[in-house]
Amino acid sequence: MKRIYFILILMTFAAWAEFRTVDAETVIKMQKSGVPLIDIRTPAEWQERGIIPGAHLIMFFDAQGHPHIRQWMEKFSQLVPDKNRPFILYCAHANRSKALGKWLSEKLGYKKVYELKGGIEYGWRELGKPVIKPKNNRVTE
């Protein structure tokens, strides 16, 4: 019986370890080392509040909160073709990115899933980090 509890604890820890929340400074360092940063918000949100420079824009939930799984996975798999490759997700307040990150980690087996703590609003903009406006829903440099 103790062995079963031990295995369950290890499985829980392993699942947790695959999904991590990171702060803005960590995001900057990871991004500089080539880790893709993915903004999952809607095009209207990108236009209204800006995006983090260098982010890849791949909307996951539409304005009504419905996921676009097939289309998103097609674009995502081009950026992250290997389940062992790290990537960072963000949305407005980290609610959607947390849900998506946990799903990718726990259900689809991605091993290095990160999300920006607090999303772009509290984890980036509030700290005075730069944002840019996308042009035609693409990053402008």
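A short reminder: the numbers here are calculations on the coordinates, not readings from a lab. Source: prediction; values computed, not measured. Cβ atoms come from the backbone with ideal geometry, glycine included; neighbour counts cover every protein chain shown.
Observations
- The stretch between Asp62 and Gln78, if pulled fully straight at 0.36 nm per residue, gains 3.7 nm over its current Cα-Cα span.
- Sequence of Lys135, Lys112 once ranked by neighbouring C-beta atoms within 10 Å, starting from the fewest: Lys135, Lys112
- The phi torsions of the stretch 104-115, fed into the Karplus equation with coefficients 6.51, -1.76 and 1.60 and a -60° offset, translate into couplings of 4, 6, 7, 9, 9, x, 6, 8, 10, 9, 10, 9 Hz, rounded to whole numbers, with Gly and Pro shown as x.
- Sparsely packed trypsin sites (Lys or Arg not before Pro) within the stretch 15-108, loop by DSSP, other Cβ within 10 Å at most 15: Lys83, Lys107
- Backbone amide hydrogens, once placed in the peptide plane, bring Ile38 within less than 5 Å of His56, Ile88, Leu89, Tyr90, excluding anything fewer than 5 places away on its chain.
- Only Cα pairs under 8 Å and 6+ residues apart enter the sum, and on that basis the relative contact order of the stretch 65-141 stands at 26 percent.
- Karplus-based coupling profile of the stretch 26-31, in residue order and whole Hz: 5, 4, 4, 5, 5, 4, with θ = phi - 60° in 6.51 cos²θ - 1.76 cosθ + 1.60 and x standing for Gly or Pro.
- One chain, two ends: Glu48 and Ile69. Fully extended at 0.36 nm per residue, the span grows by 5.2 nm beyond their Cα-Cα distance.
- Ranking of Leu104, Leu89, Leu57, Leu127 by count of other Cβ atoms within 10 Å, fewest first: Leu127, Leu57, Leu104, Leu89
- Per-residue Cβ neighbour rank within 10 angstrom, fewest leading, Ile52, Ile120, Ile132: Ile132, Ile52, Ile120
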